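These notes are about the structure you will find just below.
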Amino acid sequence: MVKSKRRTYCKIPWERVSNLGCSEIRLWWQERLPILEWGPKYNLHDNLLADTVAGMMLAVHQVVQGLAFAIMSSVHPVFGLYGSLFPPLIYAIFGMGRHVSTGTFAITSLISAGAVERLVSPTNVTMLNSSLCPLGLSDFEMQRIGVAAAVTFLGGIIQLSLGLLHLGSATLLLSEPVVSSMTTGAATHVVTSQVKYLLGMKMPYISGPLGMFYIYHYIIKNINMVQLEVLLSSICCLAVLIVVKDLNERFKNKIKFVIPIDLILIITSSLACCYADMESAYDIPVVGYIPKGIPPPWVPSINILSDVVTEAFGVALVGYTVSIFIAYNSAKKFKYFVDENQELFAHGLTNVISSFLLCIPNAGAPARLFVLYNNGAKTQVACLISCILILLVIYFIAPLLYWLPMCVLASIILVSLKGMLLQFRDLKKYWNMDKIDCVIWVCTYLVTICFAANIGLFFGVVLSLALGLFRLTR
């Protein structure tokens, strides 16, 4: 873990502010806008090619996950594309992690979905009408993104407040077993949320304590509702993705490029679904209408902020926790430092600003980190190139994704969570090294899958501190 050293100018008394010279002012601006530090030093000859290749691969990853995580967040898929475009642009200016790519994230999407489903339920027919926004979407869809944007806005305000209070270093309370078990538990929730798409089942939204177990109970009870065509398609997609990605990883040192199997699968499945008319012939659920272009800024539903406080705290804490550990990983690997409070400031601004641009909650994601690592990205320029390509997708390609089967998106999500799910192997390490850490991992994981990621994170921190104090007294 890499910790930043507090700059000496931060300790300058107020009475000496008027004596600050140009160098101190420039240093302050470089701390608040890291792009001013690394941007002028960017080496086109050494870095541009690698960043371009990594940016292209990241764009594919962002588009796929943007669509999927928007659906997971109970909003229209197009808002996931916006969530893959604007947050990386903002973070590239204010963030310090050179390989941190913000965007839609499975865990924060699930947390946001709780507020959306609670406040704008499909069964509340009084909220449905035929009015359309500039995107051509119904008022119902706009009310849903209004709630998700409110969660994004308030989550960003919470992160900014924590940054102003200099609480970024509170991540010292987060031990490795707590973060590992919380993310594994959250990944289990994500897998559960995608099972209905893999099976082609239509089921009501289920959440709350023990909600994951109620979902599986519902599936087993209504197993006759499984669509065989969707199930077979899901199995084929999962097999292809796992095999090709494993080959990419195994021979990454021998081949000069990574096979973009996600993109290939999206194109082939969409064409097959379109020409075979699978939506009508086999009732296979597809993504549906996706408008092109970017709408004007839209003010989130500020009047419901008091109703989404719980979800906003979950988005703020869980999103920042995962993001800062990704930044630590990048900083340790490439020998530079990150300032935790600046990261809180960057992620807070990313959420607040993007909430006015119809974006769902965003954070860094381990899967995107691995995409950048595996494709040799050097700087945040890779994320900026990715944003340019996503913008082209929004304007020219998005409407063609109408025929993309939902089971394909679900399969891509499941395979992308492979790294998180394999953290189960950490149990053996903790058992051999420290039995207490193993107990913390298991207990935090159980609380996470029984309740939610934010509750599991809080429980893990409290349990870790309590057991640490107990060991000290012994």
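The values are calculated or read from the model by the stated rules, or taken from the named source; none is laboratory data. Since the structure is predicted, the reported quantities are computational estimates derived from the model, not experimental observations. Note that we place each Cβ from the backbone using ideal geometry, even for glycine, and neighbour counts take in every protein chain shown. The accessibility values were calculated without ligands, DNA or RNA, using every heavy atom of the protein model including side chains. Shrake-Rupley method; radii C 1.70, N 1.55, O 1.52, S 1.80 Å.
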Degrees, to the nearest 10: 381-392 long Cα axis against longest axis of the chain: 30 degrees
Accessible surface of the chain, 1.4 Å probe, proportion on carbon and sulfur as whole %: 68 percent
Value of relative contact order over the chain, rounded to a whole percent, pairs C-alpha under 8 Å and six or more apart: 34 percent
Solvent-accessible area per residue for the range 356-436 (1.4 angstrom probe, square angstrom): 42 Å²
Angle between the chain longest axis and helix 78-94 axis [Cα atoms, degrees, rounded to 10]: 10 degrees
In degrees, nearest ten, helix 228-250 long axis to first principal axis of the chain (Cα): 40 degrees
Estimated distance in nm for a label pair at ILE302 and LEU44, the labels positioned 7 Å out from Cα along Cα-to-Cβ: 4.4 nm
Compactness of the chain - radius of gyration and Dmax, Cα, Å: 22.3, 76
Dimensions in Å of the range 295-373 - Rg and Dmax from alpha carbons: 14.5, 45
Estimated inter-spin distance, GLU249 and LYS429, nm [label 7 Å along Cα→Cβ]: 1.4 nm
Modelled FRET efficiency - R0 25 Å, LEU167 with CYS22, Cβ distances, 0.05 increments: 0.20
Inter-site label distance for LEU400 and LEU263 at 7 Å from Cα along Cβ, in nm: 1.2 nm
About the Cα centre, charge dipole magnitude for the chain (Lys/Arg +1, Asp/Glu -1 at Cβ), debye: 1480 debye
Candidate aspartates and glutamates for bridging to LYS254, where Cα separation is under 17 Å - those fewer than 8 sequence places away on the same chain excluded: ASP246
Within the range 179-251, chymotrypsin sites (Phe, Trp or Tyr not before Pro) in DSSP loop having at most 14 other beta-carbon neighbours inside 10 Å: PHE251
Long pairs among LYS221/LYS435; LYS378/LYS418; LYS202/LYS252; LYS196/LYS245; LYS292/LYS378, criterion Cα-Cα beyond 28 Å: LYS221/LYS435; LYS202/LYS252; LYS292/LYS378
Solvent-accessible area per residue, Å², over the range 227-315 with all protein chains present [probe radius 1.4 Å]: 61 Å²
Accessible solvent surface per residue of the range 65-197, calculated while the other protein chains remain in place, 1.4 angstrom probe, Å²: 28 Å²
The range 92-227 shape via C-alpha gyration tensor axes, a/c threshold 1.5: oblate
Segments 397-408, 379-390 sorted - mean Cβ within 10 Å per residue, highest first: 379-390, 397-408
Cα lying deepest toward the dipole's positive end in the range 266-358, options TYR328, THR310, ILE284, charges on Cβ: TYR328
